[in-house]
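Worksheet: the structure to be examined is printed underneath.
The values are calculated or read from the model by the stated rules, or taken from the named source; none is laboratory data. Predicted model, so just to flag it, every value in this text is computed and none were measured. As a convention, Cβ positions derive from the backbone with ideal geometry for all residues, glycine included, and neighbour counts pool all protein chains shown. Areas reflect the complete protein model, heavy atoms only, side chains present, ligands, DNA and RNA absent. Shrake-Rupley method; radii C 1.70, N 1.55, O 1.52, S 1.80 Å.
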Amino acid sequence: MTASNITTTHPAFFLLVGIPGLEHLHVWISIPFCFACTLALLGNCTLLFIIQADAALHEPMYLFLAMLAAIDLVLSSTTLPKMLAIFWFRDREISFYGCLVQMFFLHSFSIMESAVLLAMAFDRYVAICKPLHYTTVLTGPLITKIGMAAVARAVTLMTPLPFLLKGFHYCRGPVIAHCYCEHMAMVRLACGDTRFNSIYGIAVAMFIVVLDLLFVILSYIFILRAVLQLASQEACYKAFGTCVSHIGAILSTYTPVVISSVMHRVARQVAPHVHILLANFYLLFPPMINPIIYGVKTRQIRDHVLSLFRRKNV
């Protein structure tokens, strides 16, 4: 066997198909995608501006919200520009290393988003169940450590993947039947023993989604128990009302994940474009809807947004 036969090689670039089977509708599909991208950018940038500008909002809940907005901005910026280039200009080519970078950022920041949602659940737990200790528990240094831990966990879990993918020989061609580079889409093009990648990918996904969601649910069990013990019904509504925005963010993030997971296992005969549209919905919907949820349900943010509009109209 010659050396050339055992040397691992990879293509110089991959070709992203977009949404297989719906190529003729790409221009029309790009309209809601572009609308969602615009809303996500405007909404999350507005949240970050308001929280940074007002010292009264430099509280744990709003600092976690700023982290969530920053993560959503990165997720939108990582995938949507290339997706729109595919839809509008048929610019399907992406370099091999560009694909690895996109994949790394996509999965890493998705893991960070899950961690921040868990931190926000912890914030609501302390605020409602231990209100007298809120300022002493959720200090600035602790919030910084939580943010650093979220980044460290994501980077640690995702760092092996680019190196593993770089070592494969891609004998099944350079065409990725997706709108963006993701781990399993690249693994399907590789030859050789890819079992470790498959098992690792599933294990990380299950670890993140199941563990984080379990702790979020546990937090809300304690919150619900504390709320039901309050003396007046008005106090119950007021206490639980502070959680509505966070619950909306959790539903917007995890619902598409659960639906997509169920579809992959239950409806295997469904056309590929259905799965890809669901995957895109997972990327588009949370960054677009989270600023709206917090802008509508959080009085301080809503008042700031309204004041900005009043200044423009004066």
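Quick one: how many residues across region 204-233 are open to solvent by 100 Å² or more (accessible area, probe 1.4 Å), among the aliphatic types (A, V, I, L, M) and either touching a Pro at 6+ places or on another chain (Cβ under 9 Å) or not in a helix (DSSP H, G or I) (or both)? Of the residues in that region, 1 qualify. Under the condition of being part of a helix (DSSP H, G or I), under 15 Å from His273 (Cα atoms) and in contact (Cβ under 8 Å) with a residue 40 or more places away in the chain, the residues counted in region 21-32 number 3. Residues in region 240-276 that are at pLDDT below 75, among the small types (Gly, Ala, Ser) and part of a helix (DSSP H, G or I): Ser260, Ser261. Against the conditions (1) open to solvent by less than 40 Å² (accessible area, probe 1.4 Å); (2) more than 22 Å from Ile143 (Cβ to Cβ); (3) free of Cβ contacts under 8 Å to residues at least 40 places away in the same chain, Ala66 satisfies every one except (2).
Here Ser4 clears all of (1) in contact with a His (Cβ under 8 Å, 6 or more places away or on another chain); (2) at pLDDT below 90; (3) part of a helix (DSSP H, G or I); (4) farther than 30 Å from Ala149 by Cα except the condition numbered (1).
Residue by residue, here is whether (1) modelled with pLDDT of 90 or more; (2) hydrophobic (A, V, I, L, M, F, W, C); (3) surrounded by 18 or more Cβ atoms within 10 Å (Cβ to Cβ); (4) in contact with a Ser or Thr (Cβ under 6 Å, 6 or more places away or on another chain) holds:
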position	(1), (2), (3), (4)
Ser76	no, no, yes, no
Glu93	yes, no, no, no
Leu100	yes, yes, yes, no
Ser114	yes, no, yes, no
Leu118	yes, yes, yes, no
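Being farther than 26 Å from Leu100 by Cα and at pLDDT 90 or above holds for only one residue in Leu16, Leu65, and it is Leu65.
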